[in-house]
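Scroll down for the structure; my scribbles are underneath it.
The values are calculated or read from the model by the stated rules, or taken from the named source; none is laboratory data. The structure displayed is predicted, hence computed values, not measured ones. Using ideal geometry, Cβ is built from the backbone for each residue, glycine included, and neighbour counts are taken over all protein chains shown. Each accessible area value is taken on the protein alone, full model and side chains, heavy atoms only, with ligands, DNA and RNA left out. Shrake-Rupley method; radii C 1.70, N 1.55, O 1.52, S 1.80 Å.
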Amino acid sequence: MQLKRARIAVTLFASASLALSGVPATAFADDPADLQSKVNDAYSTLMTYSNELEAANNELYQLQSDLESVQAEIQQTEADIEEKQQELEQGQAELSQRLAETYKQNSSNSTLSVVLGASDFEELLSRVYYANSMANRDAELIDQVKQTQQELEQKKSDLATQEQEQQQLVSDQQQKTEDIQSKVSEQQSYYNSLDSELQTALAEEAARAAAEQAAAEEAANNNQGGGSDNGNSNNDNGGSGDNGGSNDNGGGSNNGGSNNNGGSSNNGGSSGGGGSNNNTDSGNAPSSVVDIALAQVGKPYVFGTEGPDTFDCSGLVQYSYKRVGISLPHSSQAQCNLVKNKGHLVTNTSYLSPGDLVFWGYGGSSSSIYHVGIYIGGGRYVHASSPGVGVITSSLSSNSRNFVGGGSPV
């Protein structure tokens, strides 16, 4: 078995080097447009780390699977060794019985001296070979069993070494995954603090705009018929309308980073960038998983979870399929591998059916998957998008080079 070493393909944004040490919110200006830009940048970095975490977890899952395979092989080898040991003991017992019968039937001094002169069992086998032709076949069989037993012992030793090396790979990858998880948590806190400050600034801006509007209306009523001062007041009110425009900018941020998760959807959502193949058969996915997945819309994204209250992307897929009696691994890479191995991976989205899985990988590679969703039909899919966004539906677009394709895992 070939050992698989971690090879996570990750492209970090330049902003990934942002000070994760927690820049205080008060360090930024109160201008909503400026805060909106910072929120968007923080969210982009958060998405990068989240994708990196998913890829690292996929690698960890594969390494753990390899380790389990080695351990299972060790157990089987130990069972084989035990079986051969029993065969050897049985053969030795049968040979001893045969020798006893030979001794009873042959009182020749020469035969007796051959038997009694043996100093150990190995020498006894050698003497019997020449003394009694009937024992020749038994001795050969015992030799074969002993040789097989020795080979199995050597295999067990080699597997033990491989197990130790694989355990080290798993341990190293666990540490990498934990490190990335720490980055995600820190960036999530940083993003939340910025988004909170943005919402506060937007509320203050809206309050100021409302106060200015009320003042302008009161001035207009008091002046009744308005001269140039009233006009100026209206101009000021127009200026406050610009502030309302600033509020609209904040409205864009009401999912600040979140609606940039439309950017996150692009992170998740796309079609046509994964290259092409001639396959048109996406398999026969159970369409009933769609309703199950859609029932989870609005629930939070939490990495490593598989429901029923929180999900990550592959966890939502695993949960939905489990509800219809189909067991899938909790790994977007492993889920993609299942689709590929079934021959169901299609890159043309027109061949997708409701219930098919859809995948994204770095550079459109099916060996570097970082996101998965469930196709629901009509060019849309449902997925556990990202931290702070949760389970949503998104549209498949045709402009992402990261789209790998989709299909049924069964």
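The figures follow:
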read-out	value
Gln167 touching a residue at least 60 places away in the same chain (Cβ under 8 Å), surrounded by fewer than 16 Cβ atoms within 10 Å (Cβ to Cβ) and assigned to a helix (DSSP H, G or I)	yes
Qualifying positions in the range 293-305 - open to solvent by 30 Å² or more (accessible area, probe 1.4 Å) and either out of contact with any Asp or Glu (no Cβ under 7 Å at 6 or more places or on another chain) or small (Gly, Ala, Ser) (or both)	Leu294, Ala295, Val297, Gly298, Pro300, Gly304
Residues of the range 170-204 that turn out to be within 30 Å of Gln75 (Cβ to Cβ), in contact (Cβ under 8 Å) with a residue 24 or more places away in the chain and open to solvent by 60 Å² or more (accessible area, probe 1.4 Å), as a count	3
Pro354 being within 22 Å of Gln64 (Cα to Cα), open to solvent by 20 Å² or more (accessible area, probe 1.4 Å) and touching a residue at least 60 places away in the same chain (Cβ under 8 Å)	no
Criterion violated by Val297 - all others in (1) part of a helix (DSSP H, G or I); (2) within 21 Å of the chain's Cα centre (by Cα) satisfied	(1)
Test: residue in the range 44-61 that is over 30 Å from Ser332 (Cα atoms), crowded, with 17+ Cβ neighbours inside 10 Å and in contact (Cβ under 8 Å) with a residue 60 or more places away in the chain	no
In the range 311-330, the residues that are closer than 15 Å to His383 by Cβ and among the small types (Gly, Ala, Ser)	Ser314, Gly315, Ser320
Subset of the range 366-386 (residues that are under 19 Å from Ala295 (Cα atoms) and open to solvent by less than 30 Å² (accessible area, probe 1.4 Å))	Val372, Gly373, Ile374, Tyr375, Gly377, Gly379, Tyr381, Val382, His383, Ala384, Ser385, Ser386
From the options Gln167, Gln181, Gln175, residue that is modelled with pLDDT of 90 or more and either closer than 30 Å to Leu46 by Cβ or over 60 Å from the mean Cα position of the chain (by Cα) (or both)	Gln175
Residue within the range 324-331 that is open to solvent by 20 Å² or more (accessible area, probe 1.4 Å), without any contact (Cβ under 8 Å) to a residue 40 or more places away in the chain, farther than 28 Å from Ser185 by Cβ and β-branched (Val, Ile, Thr) present	yes
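Residue-wise test of (1) outside any helix (DSSP H, G or I); (2) open to solvent by less than 30 Å² (accessible area, probe 1.4 Å); (3) in contact with a helix residue (DSSP H, G or I) (Cβ under 6 Å, 6 or more places away or on another chain); (4) modelled with pLDDT of 75 or more.
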site	(1), (2), (3), (4)
Ala42	no, yes, yes, yes
Leu67	no, yes, yes, yes
Glu101	no, no, no, no
Leu125	no, yes, yes, no
Gln147	no, no, no, yes
Lys155	no, no, yes, yes
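Okay, residues lined up against (1) β-branched (Val, Ile, Thr); (2) touching a strand residue (DSSP E or B) at 6+ places or on another chain (Cβ under 9 Å); (3) part of a strand (DSSP E or B):
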position: Ser350; (1), (2), (3): no, no, no
position: Gly355; (1), (2), (3): no, yes, no
position: Trp360; (1), (2), (3): no, yes, yes
position: Ser367; (1), (2), (3): no, yes, no
position: Ile374; (1), (2), (3): yes, yes, yes
position: Ser386; (1), (2), (3): no, yes, no
position: Ser400; (1), (2), (3): no, yes, no
position: Gly406; (1), (2), (3): no, yes, yes
